[in-house]
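Single-structure report; data block below.
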Amino acid sequence: MQNSQKSYTVETATRALERYCAYQERCHKDVNDKLKKMGMIDDAIDQIIPHLLQHDFLNETRYAQAFARGKFRIKKWGRQRITRELKARGLNKKTIDRGLAEISDDDYRLTFDKLSRKRNQQLTETDKYKRRKKLADYLLYRGWESHLVYAKAKELVP
């Protein structure tokens, strides 16, 4: 059996990763995983990542900001879920906080209100306690803070 893995020089891998990072914001974990998948050795990885940082292809703060904006606007995730996902990607608290700062409090409250009202209308459950639980579970899964969720569930399902 022949190894079907394509081999890369440090130079070609660097150019490939520049394109990879230019296409969309990436975090260190994404880049590291990509390099490992390409079959690069640790010495080459230790050479490529600083190059990407130096030439501003890789910037974790920018990544956190883009991630937080996108997941909030498109998927309607709450701060808890965004934080959890960014931690899983190895970002530190300071960087995560900078990313979350991209979400204005007014937009956050408005989105939460719209999302919870929309979900409440979609529910077919007639028992008020089960309905409240289903609404709360949905919102908690999406990463909204529990004190907001339970207050909204009581408000929408009296």
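Laboratory data are not the source of any read-out in this text; all were calculated from the coordinates shown. Fair warning: this is a prediction, and the values are worked out from it, not measured in the lab. FYI the Cβ positions are ideal-geometry reconstructions off the backbone, even for glycines, and counts take in every protein chain you see.
Tabulated data for the structure shown
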{"item": "For the stretch 20-31, 3J(HN,Hα) per residue [Karplus equation, 6.51 cos²θ - 1.76 cosθ + 1.60, θ = phi - 60°, Hz, x = Gly/Pro]", "result": "4, 7, 6, 5, 7, 4, 10, 9, 4, 4, 4, 5"}
{"item": "Net lengthening on full extension, residue 113/residue 55 (0.36 nm per residue, minus Cα-Cα)", "result": "16.7 nm"}
{"item": "Cβ-based exposure ranking for 49, 96, 74, 41, in which fewest neighbours within 10 Å come first", "result": "74, 41, 49, 96"}
{"item": "HN-Hα J in Hz across the stretch 73-80 - Karplus 6.51, -1.76, 1.60, θ = phi - 60°, x for Gly and Pro", "result": "5, 8, 9, 6, 7, x, 4, 4"}
{"item": "Check: the chain dipole with +1 on Lys, Arg Cβ and -1 on Asp, Glu Cβ, in debye", "result": "1100"}
{"item": "Options (i) 0.93; (ii) 0.97; (iii) 1.16 - which one matches Rg/Rh (Cα atoms, Kirkwood Rh) as calculated here", "result": "(iii)"}
{"item": "Filtered trypsin sites (Lys or Arg not before Pro), the stretch 1-75: DSSP coil and at most 13 other beta carbons within 10 Å", "result": "6"}
{"item": "Computed FRET value (nearest 0.05) for residue 75 with residue 125, which takes r as the C-beta separation and R₀ as 35 Å", "result": "0.90"}
{"item": "Kirkwood-Stokes translational diffusion coefficient of the stretch 60-100, alpha-carbon pairs, 25 °C, 0.890 mPa s, µm²/s", "result": "255"}
